[in-house]
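Asks: Pasting in a structure now, in C-alpha cells, and then I'll have a few things to ask.
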Amino acid sequence: MNIARWLEASARLAPDAPALLAGAAVTADYAAFARRASGVAGTLEAGLGLRPGDRVGIFMANRTEYLEALYGILWAGAAAVPINAKLHPAEAAWILSDADAAACIVAGDTSEGLAQALPGLPRIAADDAGWRRLSANDGPGAPVARNGADLAWLFYTSGTTGRPKGVMITHANLMAMSLCYPVDIDPVTAGDCALYAAPMSHGAGLYTFIHTRAGARHAVPDSGGVDADEILDLAPRLGGVSMFAAPTIVRRVVQRARARGLTGEGIKTIVYGGAPMYLADIEEAVAAMGPRFVQIYGQGEAPMTISALSRSLVADRSHPRWRERLASVGVAQSCAEIAIADETGRHLAPGETGEILVRGPQVMPGYWRNAEATARTLRDGWLWTGDVGRLDAEGFLTLTDRSKDVIISGGSNIYPREVEEVLLEHPNVAEAAVVGRPHPEWGEEVVAFVVPEPGRRLDPAELDRHCLGRIARFKRPKLYRVAESLPKNNYGKVLKTALREAAAEG
Ligand code: AMP
C-alpha cells in the first residue's frame, strides 16, 4: 500500500480539519493538503514524465510546502530523496546524482546553489506563485498504487564518516515505524500538533506519517529551524505539541525554559534520540519541564524504530534502578527484535556487551545500488547496527558506543560514552567528547575534548581527580583539550572523526 493513502483517508474523513500551519496560521485544511499533494503529483507526471519508482529530491529548509512536496512525490508513486538543507550544494548534487533523481524540489537559497552544482537537473521551486498554480493542478485522484516493498524514501545517512549511503526505506518500513509510534511512544489524536523544528529531511519528517493518519496538525515554526524561544512561545498557542529533537536541541529548549521560568506549556511530548542523551541532561530536563520526554533509538536503516524509553520510565524516580534505566535507550519497540552479538555472530547473554542487531518489518531491504555495503550490514537476517551495547535481564538496552568509536588501550576496551557521562557530572563541564589517539605502547590513549559551562574554568588536574574518583584508572583521559564548542554535523551529532584527527595531530 502507498502510505500517501493515509493523507487521502484523512482528507475524506475530516476535510475541514486544520492540516498545515505556518507558525500558528493555518495554510491548508486536510482537503487542501490532499488536493495540493495530488496537484504536485500531476505536475510531476505530466511535466516531467515521472514514472512510479523514479526518485525526486527535496532540498529545502522546513516549511509547510515541504509536506506538500513529500506527499506529492509519494502520491505519484515516486520515491522522495529528502536532503538536509544545510548541506553544501555540491553535497546535495552528489546525493541527487547517486540517487539518479529525475528532479529536485527546492526553495530559497538552495535553488541557486543547486543550479550551479547540478545544472542539468530540473528544479521545481516550492516558494513562488508557480507552486500554488502547480499544486492546484489536476492530479491523479488517488495515490498511485504501490506495494509495501516499493521504495518510498531514500534516506542518505548523515555520514559522520565518508560518503553517505542511500538507505532504501519502503512503504512497508514507514508503516511499521508509524504504527509502532502510538503503541511505544505516544498515542496520537486529531487534537495533536506535530511541530517541525528539527530538519524534516531526518527524524522529524519521518514522524509526519502517523500524524497525517490521525488527522492531526503539522506546524512549521516561522524560522523553519531550531529557535528555543520560538518553540516555547509557539507551543502554548498551538497546544498538544509533539516534536522530535536531538539531545542538543533538548538542552537548548530546557536552558531557555529554565531561564524564562517556563515549564514547556503546550508541549505534550518531546521525542529525543539520534545521539546520546547524557544522564545529567535528561535529569535536568525532567526536573525543569516534567514528564514530557520519550526517548527513541533508531537509525536510518531501521527508521526511528529499535527501542524506546517511555514517558513514565523517563520520569519514574521511584524505581530502585531508575538511573540505570534513564541511562538506557529503553526496551525493544513492538516490531523490533533485538540481539547482541560478538564479531562471529554468536548471540550473547544479558549483561554481555557486543554489537546490536535488529530485525523486524521496519528494517531496510538494503542500501541503494550498493550490494557490498548491504551484504556487510544485513547478515543472517539481522541488521548489524554498528552500535555497541548490552541488554539487561528485563530487556533494557544500554548503548555504549558506535563500534568504530570504542577505544582499545593496552588491550582493554574503553567505551567513550562511559567516560563522557562521568565528565558531564562535573559542574563546570557543559559538553564532553572522548576519543582515542594512537599511542606507541598502549595502542591508543584516551583524549577528552571538554567545553566549559559559560563563565567557568576547566582545570585538567581537577578533572583528573574527578575521574579517578569515579572510573577505573585506565579509562581516565590522559589528555584534556578545552574547546569553545564541539564540531557537530547538521543533525547535531558530534563529529568524532574530526576530533580523532585533531587529537592525533595535537
Ligand atoms: P542516523 O542513521 O543518522 O539516524 O543515525 C543513527 C545513529 O545515531 C545510531 O546508529 C546511533 O549510533 C545513534 N543514535 C540514535 N538514537 C540514539 C539514542 N537514543 N542514544 C544514543 N545514540 C543514538
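Coordinate-derived values only; no laboratory data. All values derive from a computational prediction rather than experimental measurement. Heads up, the Cβs are rebuilt from the backbone with ideal geometry, glycines too, and the neighbour counts pull from every protein chain shown.
Asks: If we count every other residue with Cβ under 15 angstrom of residue 141's Cβ, Lys/Arg +1 and Asp/Glu -1, where does the sum land?
Replies: So the environment of residue 141 carries a net charge of +1.
Asks: Next up: What Kirkwood Rh does the chain have if only Cα atoms enter the pairwise 1/r average? Answer in Å.
Replies: 23.5
Asks: Hey, fewest Cβ within 10 Å first, where do 347, 218 land in order?
Replies: Fewest to most other Cβ atoms nearby, the residues stand as 347, 218.
Asks: Let me ask something else about it. For residue 392 and residue 258, FRET efficiency with R0 = 25 Å and r from the beta-carbon atoms, rounded to 0.05? Before the final figure, lay out each step's value.
Replies: Values: r = 32 Å, r/R0 = 1.29.
The calculated FRET efficiency here is 0.20.
Asks: Let me ask something else. Can you pull the Kirkwood radius for region 408-505, inverse mean 1/r over Cα pairs, to one decimal in Å?
Replies: On the way: mean 1/r = 0.0735 Å⁻¹.
13.6 Å is the Kirkwood radius here.
Asks: Additional query: Could you list 104, 467 so that the one with the fewest beta carbons within 10 Å of its beta carbon is first and the one with the most is last?
Replies: On the way: 104 27, 467 22.
Fewest-to-most Cβ neighbours within 10 Å comes out as 467, 104.
Asks: Just tell me which aspartates and glutamates come within less than 14 Å, Cα to Cα, of residue 478; anything on the same chain fewer than 8 places away is out.
Replies: Cross-link targets: 420, 441, 444, 445, 459, 462, 464.
Asks: Wrap a convex hull around the Cα atoms of region 113-167, take a quarter of its surface area, and give that in square nanometres. Please list the in-between numbers first.
Replies: Details: hull surface 26.7 nm².
Its Cα hull, projected and averaged over all orientations, spans 6.7 nm².
Asks: Under 22 Å between alpha carbons, and skipping anything fewer than 8 positions from residue 86 in its own chain: which lysines qualify?
Replies: Excluding near neighbours in sequence, the set is 165, 488, 493, 496.
Asks: About its Cα centre, what dipole magnitude does region 408-505 give when the only charges are +1 on Lys and Arg Cβ and -1 on Asp and Glu Cβ, stated in debye to the nearest 20?
Replies: Working: 15 positive and 15 negative charges, 23 e Å.
Roughly 120 debye for region 408-505.
Asks: If r is the Cβ-Cβ distance from residue 317 to residue 90 and R0 is 60 Å, what FRET efficiency results, to the nearest 0.05?
Replies: Numbers: r = 49 Å, r/R0 = 0.82.
Efficiency, rounded to the nearest 0.05: 0.75.
Asks: Mind checking the full-extension length gain between residue 116 and residue 25? Use 0.36 nm per residue of separation minus the Cα-Cα distance, one decimal, nm. Don't skip to the end; give the middle numbers.
Replies: Numbers: separation 91, 0.36 × 91 = 32.76 nm, distance 3.45 nm.
Difference between extended and current length: 29.3 nm.
Asks: Measure nothing fancy, just the Cα-based angle from helix 89-98's long axis to the longest principal axis of the chain, in degrees from 0 to 90, nearest 10.
Replies: Result, in degrees: 70.
Asks: Residues with beta-carbon under 13 Å from that of residue 305, excluding residue 305: net charge, scoring Lys, Arg +1 and Asp, Glu -1? Write out the running numbers ahead of the final one.
Replies: Values: positive: 359; negative: 184, 301, 337.
Every neighbour counted, the sum reads -2.
Asks: Considering only DSSP states other than H, G, I, E and B, which GluC sites (Glu not before Pro) in region 348-377 qualify as loop sites with at most 14 other Cβ atoms within 10 Å?
Replies: On the way: sites: 352, 355, 372; in loops: 352.
The qualifying sites are 352.
Asks: Moving on to the next point. Determine the distance separating the Cα centre of region 399-439 from the Cα centre of region 469-495; give it in Å without decimals.
Replies: If we compute the Cα centre of each part, the gap is 7 Å.
Asks: If you don't mind, another one. Computed on alpha carbon atoms, what radius of gyration and Dmax characterise region 1-146, expressed in Å?
Replies: 14.5, 44
Asks: Also, I was wondering about something else. Placing one identical point scatterer on every Cα of region 1-50 and ignoring solvent, what is log10 I(q)/I(0) from the Debye formula at q = 0.28 Å⁻¹?
Replies: Here the Debye-derived log intensity ratios amount to -0.98.
Asks: Can you compute the charge dipole magnitude of the chain about its Cα centre, using +1 on each Lys and Arg Cβ and -1 on each Asp and Glu Cβ, nothing else charged? Give it in debye, rounded to the nearest 20.
Replies: Values: 52 positive and 58 negative charges, 50 e Å.
For the chain, the charge dipole is close to 240 debye.
Asks: Roughly how large, in nm² to one decimal, is the mean projection of the convex hull of the alpha-carbon atoms in region 233-384?
Replies: On the way: hull surface 43.6 nm².
In nm², the orientation-averaged hull projection of region 233-384 is 10.9.
Asks: While we're on this one: Pulled fully out, how much extra length does the chain show between residue 349 and residue 48, if you take 0.36 nm times their separation in residues and subtract their Cα-Cα distance? Please list the in-between numbers first.
Replies: Working: separation 301, 0.36 × 301 = 108.36 nm, distance 5.43 nm.
Result: 102.9 nm gained on full extension.
Asks: From the helices alone, meaning DSSP H stretches of at least four residues, give me the mean residue ellipticity at 222 nm for the chain, per-run term -39500 (n - 2.57), in deg cm²/dmol to the nearest 500.
Replies: Numbers: 18 runs with 167 residues, N = 506.
Taken over the chain, the calculation gives -9500 deg cm²/dmol.
Asks: Right, next: Take residue 482 and residue 189, extend 7 Å from each Cα along the Cα→Cβ direction, and tell me the distance between the two endpoints in nm.
Replies: 5.2
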